[in-house]
Amino acid sequence: MINIKKYKHIIWDWNGTLFNDVELCANIMNLLLDEANLPKIDIEKYRDVFTFPVIEYYKALGHDTGEENWQKISHQFINTYEANKYEYQIYSDAVKVLEYVTSLGISQSILSAYKQETLDELVSHFNLSKYFVKLVGLDNIYAVSKLDNGLKWIKELGLQKGEVLLVGDTLHDCEVAKAIGADSVLLSLGHQSKEKLSVCNIPIIDSLSELIRE
């Protein structure tokens, strides 16, 4: 059981943690795989293979990740994602959890591998901006790492070890949390399988609502 009341700040991941875009990402990957005459994947396979930096995930599925093709398929992915993102939703219990955390007087932010301007746009689209003191995204589309941004943000927050909880859905979130001195918890509904997440040896939740159970 996670006692969120002991924290002063919660850092949320966005994709797969608050925004349920796993099916969207798997569907787009299948379009790219089909174009490259590579075997398609299901959601289970997607969660088993997905990783950061995402170029390694593309490699694992057989894509040519030479510079020219990597640029091409990265832009194809993002353009298709942007064209279809409004067909997907945040998790059904996300607002309830954000409201509860706010009611406790705990500040919140988002640390994402999503491009900054599109992160701002989508969070605003779901009327969630009011819950966060800051949205921290990347300045590019290649989703290499959130570590540098995480280190800068924790310094800006000025909080100590044990005062911040990071909620994510990937091993990278666990790595970032350790590097910035935050506690962490991982959601099993996101971009990596529960089995894959278990190597972190930290709490894993099957819904966001588990965070606020008394």
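Does ILE110 count as crowded, with 17+ Cβ neighbours inside 10 Å, on the phi < 0 side of the Ramachandran plot and part of a helix (DSSP H, G or I)?
No.
Starting from residues that are acidic (Asp, Glu) and at pLDDT 95 or above, keep the ones in the range 79-119 and report whichever is farthest from LEU32 (Cα to Cα). Steps first, please.
Kept after step one, since they are acidic (Asp, Glu), are these residues of the range 79-119: 82, 87, 93, 99, 117.
Then drop every residue that is not at pLDDT 95 or above, which leaves 87, 93, 99.
Details: GLU87: 20, ASP93: 32, GLU99: 38 Å.
So, considering only residues that are acidic (Asp, Glu) and at pLDDT 95 or above, the one farthest from LEU32 (Cα to Cα) is GLU99.
Got at least one residue in the range 183-199 being modelled with pLDDT under 95, under 17 Å from ILE2 (Cα atoms), surrounded by 17 or more Cβ atoms within 10 Å (Cβ to Cβ) and not aromatic (Phe, Trp, Tyr)?
no
Identify, from the list LYS161, LYS146, the residue that is of a type in the set (D, E, K, R), crowded, with 16+ Cβ neighbours inside 10 Å and at pLDDT below 95.
LYS146
Can you tell me which residue within the range 113-126, out of those that are hydroxyl-bearing (Ser, Thr, Tyr) and touching a residue at least 24 places away in the same chain (Cβ under 8 Å), is surrounded by the fewest Cβ atoms within 10 Å (Cβ to Cβ)? Steps first, please.
As a first pass, look at the range 113-126 and keep what is hydroxyl-bearing (Ser, Thr, Tyr): 114, 118, 124.
Within this subset, residues satisfying the condition of being touching a residue at least 24 places away in the same chain (Cβ under 8 Å) are 114, 118.
On the way: TYR114: 26, THR118: 17.
Ranking the candidates gives THR118 first.
The values are calculated or read from the model by the stated rules, or taken from the named source; none is laboratory data. Since the model is a prediction, treat every value here as computed from it, not as a measurement. With ideal geometry, Cβ positions are generated from the backbone for all residues, glycine too; neighbour counts draw on all protein chains shown.
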